[in-house]
1. Taking region B:11-38 as the region of interest, how many residues are in a loop (DSSP other than H, G, I, E, B) and within 11 Å of chain A (Cβ to nearest Cβ)?
2. When you go through B:83, B:62, B:15, B:78 one by one, which is the residue that is more than 22 Å from residue A:101 (Cβ to Cβ) and in contact with a helix residue (DSSP H, G or I) (Cβ under 7 Å, 6 or more places away or on another chain)?
3. So, in region A:42-71, exactly how many residues are more than 14 Å from the chain's Cα centre (by Cα), without any contact (Cβ under 8 Å) to a residue 12 or more places away in the chain and loosely packed, with under 15 Cβ neighbours inside 10 Å?
4. Quick one: would you say residue A:78 is over 26 Å from residue A:16 (Cα atoms), in contact (Cβ under 8 Å) with a residue 12 or more places away in the chain, in a loop (DSSP other than H, G, I, E, B) and more than 9 Å from every other protein chain (Cβ to nearest Cβ)?
5. Does residue B:108 qualify as being surrounded by 14 or more Cβ atoms within 10 Å (Cβ to Cβ), within 13 Å of residue A:43 (Cβ to Cβ) and either over 15 Å from the mean Cα position of the chain (by Cα) or free of Cβ contacts under 8 Å to residues at least 60 places away in the same chain (or both)?
6. I'm checking my understanding of the structure. Among residues of region A:19-40 that are buried (at least 16 other Cβ atoms within 10 Å of the Cβ) and at the interface with another protein chain (Cβ under 9 Å from one of its Cβ atoms), which one is modelled with the lowest pLDDT?
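The values are calculated or read from the model by the stated rules, or taken from the named source; none is laboratory data. Because the structure is predicted, anything quoted here is derived from the model rather than measured. Counting neighbours? That spans all protein chains shown, and the Cβs are built from the backbone with ideal geometry, glycine included.
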């Protein structure tokens with residue numbers, strides 16, 4: 001079935017780079033996304049990548065897609081305390097459904 | 001532009017009571033989604049509307065949950081009767097695109113439901 005897996009926690013020091021990883025199962029997924037959720041708020045779309053791309057950069061964010069391994073990663077450069085949040089990976093499947101992972105909680109230590 | 005509006009922000013009810021949530025999507029967004037997010041999990045789709053028609057309600061527990069989007073704009077989600085396991089955040093999202101193209105959703109802040 002369709003599934004998205006993420007590690008649950010990541011802790012980094014302020015100023016370091018953070019890398020959050022995700023694997024998905026539907027090889028016909030067309031779009032893959034990263035969302036950010038802060039406490040008490042809804043999900044905020046950070047970025048998305050189309051499945052025919054292998055990299056996308058947007059300011060401090062770099063998304064890498066390995067379609068062969070069905071692996072997606074989000075790199076945040078120069079991580080700040082304001083980046084502390086839960087990050088959700090999601091795939092838009094061939095059946096036109098968006099499936100979310102359980103989220104990776106990022107802790108940034110000052 | 002205004003975001004996705006949801007109300008109420010919080011609701012506490014006793015089991016077997018009924019509750020309703022309201023959502024107003026971004027103006028012009030044809031597609032509206034209701035998601036359930038249980039603590040510690042990712043959002044799970046309950047129902048998807050395209051304008052005022054239901055596109056996907058395969059995960060909606062229809063014996064107790066209902067949703068409508070009568071004029072193709074705002075939407076209500078109802079639970080009757082509520083169970084303890086319905087305690088969750090109910091998120092509404094909208095998008096401009098329909099099936100096939102999906103540049104991501106805009107989410108509201110959610111309604112946190114506690115069933116006691």
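1. Keep residues of region B:11-38 that are in a loop (DSSP other than H, G, I, E, B), which gives B:14-18, B:25-30, B:38.
From what's left, within 11 Å of chain A (Cβ to nearest Cβ): B:38.
So the answer is 1.
2. Values: B:83 fails: in contact with a helix residue (DSSP H, G or I) (Cβ under 7 Å, 6 or more places away or on another chain); B:62 fails: in contact with a helix residue (DSSP H, G or I) (Cβ under 7 Å, 6 or more places away or on another chain); B:78 fails: in contact with a helix residue (DSSP H, G or I) (Cβ under 7 Å, 6 or more places away or on another chain).
Only one candidate qualifies: B:15.
3. Qualifying residue count, region A:42-71: 3.
4. Values: over 26 Å from residue A:16 (Cα atoms): no; in contact (Cβ under 8 Å) with a residue 12 or more places away in the chain: yes; in a loop (DSSP other than H, G, I, E, B): yes; more than 9 Å from every other protein chain (Cβ to nearest Cβ): yes.
No.
5. Values: surrounded by 14 or more Cβ atoms within 10 Å (Cβ to Cβ): yes; within 13 Å of residue A:43 (Cβ to Cβ): yes; either over 15 Å from the mean Cα position of the chain (by Cα) or free of Cβ contacts under 8 Å to residues at least 60 places away in the same chain (or both): no.
Considered against the rule, which asks whether it is surrounded by 14 or more Cβ atoms within 10 Å (Cβ to Cβ), within 13 Å of residue A:43 (Cβ to Cβ) and either over 15 Å from the mean Cα position of the chain (by Cα) or free of Cβ contacts under 8 Å to residues at least 60 places away in the same chain (or both), residue B:108 comes out as no.
6. Restricting to residues being buried (at least 16 other Cβ atoms within 10 Å of the Cβ) and at the interface with another protein chain (Cβ under 9 Å from one of its Cβ atoms), the top hit is A:30.
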